[in-house]
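J.: So that we are looking at the same thing, I have put the structure below in structure tokens.
Throughout, read-outs are computed from the coordinates displayed, never taken from laboratory work. Here the structure is a predicted model, which is why all the values come from computation and not from measurement. Cβ sites come from the backbone with ideal geometry, for glycine too, and all protein chains shown count toward neighbours.
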Amino acid sequence: MTFTSWRGTMGLIMPTYRPGALEDIVRLLPEGIGVIPMMLGIAQGSTHEFQEALDIIEARVRELAEIGVDLIAPMGAPPFMVRGYQGERDILDRWEHTYGLPVVTSGVTQVEAMKAFGVKRIVGVTYFPDELNEMFARYFTDAGFEVLGMDGIDVAFDQVQKLSSHEVYAHAKAAFLRNRDADMVYMLGAGWRVLDIVATLEEDVEVPVLHSAPARVWHAQRHFSVGQRTQGYGRLLSQLPPLARTQP
């Protein structure tokens, strides 16, 4: 069976049953890009749980390939980042060869967005513990960036959605002020609801701010050769820079 939309169809694999990120992505995507969502059910946010999730993710990839989508998009950076930058690439190459479709993780979209902005140094904020933050920092270091910090906020994984966006703004701004040489503020994770403060944070720190939902929407548009610019959610969607590999 095949499902398609007139601009393309993306199979979106959500890591948790937590509402928010799916709605944000669907709302920000241009008309004509369809979404078929699937869920994993990650609940604890532990290193072990992320490492064990790969087989479940591949089952969803296989199902989406059988449905006939045009692009397969696993959300949730941690299940792939804990395997390292090259480890993730090896997995995606194998899946793309096996299932015959492009598979693009959150990490891939974010690395591409950093490259599109010509970023060299980043400061990251997360809602994960130090053990995982060290893995995330190593992932981006191996991708070619200098990571000045990867600062976790103290909150339980299943309570992240209850943080106010203003709390996250304060956490991210403080991280940047400790690392003023950063070219970008990176907000890892789709669990916190922060789209309303991305543009404000950019105005205040005067560098781009990268969040997973706009990164996914930007990359999907570029993949499907769609050029709809959207104001109010940061430079990535308002400027819609081309993928770095397409630049001369």
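J.: Shape verdict for the range 49-177, please, from the Cα gyration tensor: rounded (a/c under 1.5), prolate (a/b greater than b/c) or oblate.
T.: In terms of gyration-tensor shape, prolate.
J.: Picking from Gly34, Ala156, Met81, whose Cα lies most toward the positive end of the charge dipole for the range 1-160 (charges on Cβ: Lys, Arg +1; Asp, Glu -1)?
T.: Ranked along the dipole, the leading option is Gly34.
J.: Grab the DSSP H runs of the chain that are 4 residues or longer, score each as -39,500 (n - 2.57), total them, divide by all residues and round the 222 nm result to the nearest 500 deg cm²/dmol.
T.: The per-residue figure over the chain is -13500 deg cm²/dmol.
J.: Please figure out what share of the DSSP beta bridges in the chain is antiparallel and state it in percent, rounded to the nearest 5.
T.: Looking only at bridges with both residues in the chain, the antiparallel portion is about 0 percent.
J.: Over what distance in Å are the Cα centres of the range 171-218 and the range 64-101 separated?
T.: So the separation of the two Cα centres works out to 25 Å.
J.: How high is the relative contact order of the range 1-159, in percent, counting Cα pairs under 8 Å that sit 6 or more residues apart? Present the calculation step by step, with values, prior to reporting the outcome.
T.: Numbers: 242 pairs, mean separation 35.2, N = 159.
Relative contact order for the range 1-159 comes out at 22 percent.
J.: Explain nothing, just the number: relative contact order of the range 103-208, from Cα pairs under 8 Å at least 6 residues apart, as a whole percent.
T.: Reported as a whole number, the value is 32 percent.
J.: Same structure, new question: In Å and on Cα atoms, what radius of gyration and Dmax does the chain show?
T.: Both quantities, over Cα of the chain: 16.8, 52 Å.
J.: With the crude spin-label approximation of a point 7 Å out along Cα→Cβ, what separation in nm comes out for Arg229 versus Ile67?
T.: The modelled label-to-label distance comes out at 3.3 nm.
J.: In whole Å, largest first, what are the principal axis extents of the Cα atoms in the range 129-248?
T.: Result for the range 129-248: principal-axis Cα extents of 40, 30, 27 Å.
J.: Right, another one. Just need the relative contact order of the range 182-248 here, percent rounded to a whole number, with Cα pairs under 8 Å and 6+ apart.
T.: Reported as a whole number, the value is 31 percent.
J.: Tell me which aspartates and glutamates have Cα within less than 14 Å of Lys162's Cα, excluding those fewer than 8 residues away on the same chain?
T.: Asp154
J.: Take peptides 76-88, 130-142 and line them up by average Cβ neighbours within 10 Å, highest first, as a rough protection proxy. Show your work: numbers first, answer last.
T.: Numbers: 76-88: 20.8, 130-142: 17.7.
Descending mean neighbour count gives 76-88, 130-142.
J.: If you don't mind, another one. If Rh is defined by the Kirkwood formula over all Cα pairs and Rg also comes from Cα, what ratio Rg/Rh do you get for the range 1-121? Present the calculation step by step, with values, prior to reporting the outcome.
T.: Working: Rg = 14.4 Å, Rh = 15.0 Å.
Taking Rg over the Kirkwood Rh, I get 0.96.
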